[in-house]
Amino acid sequence: QVQLVESGGGLVQAGGSLRVSCAASGTPFNINVIGWYRQAPGKQRELVARISSGGTINYSDSVKGRFTISRDNAKNTVYLQMNSLKPEETAVYYCNYWTRWGDPPRDIDYWGQGTQVTVSS
């Protein structure tokens with residue numbers, strides 16, 4: 001089992017910066033991917049960025065060059081630094097922990113409760 005706790009959300013003006021954190025606890029799996037997703041009212045949840053245990057990083061096209069994801073394995077924490085924020089990026093930001101486990105292998109997903117990010121114009 002893995003528990004995820006997000007923190008760092010809040011209110012920021014357009015063009016500002018915010019950093020959100022996701023702390024994982026429990027029994028982590030050696031091979032995993034931790035990602036940040038967001039869901040705005042009335043919209044589907046979408047991937048923002050993710051980082052694997054091996055260090056591979058993916059960003060959605062809309063945040064490339066502005067957002068940076070990183071992880072501190074010693075602290076089991078993943079960070080998302082968000083710069084040049086836009087009002088349309090107002091959403092609940094969720095942390096996701098993915099791994100593959102079992103025989104036969106199956107996908108296992110854990111989700112945090114989410115943290116609200118509001119970007120004012």
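The values are calculated or read from the model by the stated rules, or taken from the named source; none is laboratory data. Just so it is clear, the model here is predicted, and its values are computed rather than measured. Using ideal geometry, Cβ is built from the backbone for each residue, glycine included, and neighbour counts are taken over all protein chains shown. The protein model used for the area step is the full one, side chains on, heavy atoms only, and it has no ligands, DNA or RNA in it. Shrake-Rupley method; radii C 1.70, N 1.55, O 1.52, S 1.80 Å.
Restricting to the stretch 70-119, name every residue that is open to solvent by less than 40 Å² (accessible area, probe 1.4 Å) and either of a type in the set (A, V, I, L, M, F, W, C) or farther than 28 Å from Asn30 by Cα (or both).
Residues satisfying the conditions are Val78, Leu80, Met82, Leu85, Glu89, Thr90, Ala91, Val92, Cys95, Ile108, Val117, Val119.
So which residues in the stretch 1-41 are at pLDDT below 95, of a type in the set (Gly, Ala, Ser) and more than 12 Å from the chain's Cα centre (by Cα), if there are any at all?
Result: Ser25, Gly26.
Can you find, within the stretch 19-32, the residue that is nearest to Trp98 (Cα to Cα) among those that are crowded, with 18+ Cβ neighbours inside 10 Å and hydrophobic (A, V, I, L, M, F, W, C)?
Per the criteria, the residue is Ala24.
Of a type in the set (S, T, N, Q) and free of Cβ contacts under 8 Å to residues at least 60 places away in the same chain: is that true of Ser53 in this structure?
yes
Is it true that Gly65 is part of a loop (DSSP other than H, G, I, E, B), closer than 17 Å to Asn96 by Cα and not β-branched (Val, Ile, Thr)? Full working, then the answer.
Numbers: part of a loop (DSSP other than H, G, I, E, B): yes; closer than 17 Å to Asn96 by Cα: no; not β-branched (Val, Ile, Thr): yes.
Answer is no for this residue.
Given the conditions (1) part of a strand (DSSP E or B); (2) open to solvent by 70 Å² or more (accessible area, probe 1.4 Å); (3) modelled with pLDDT of 95 or more; (4) farther than 13 Å from Glu6 by Cβ, report the number of the one that Gln44 does not fulfil.
(1)
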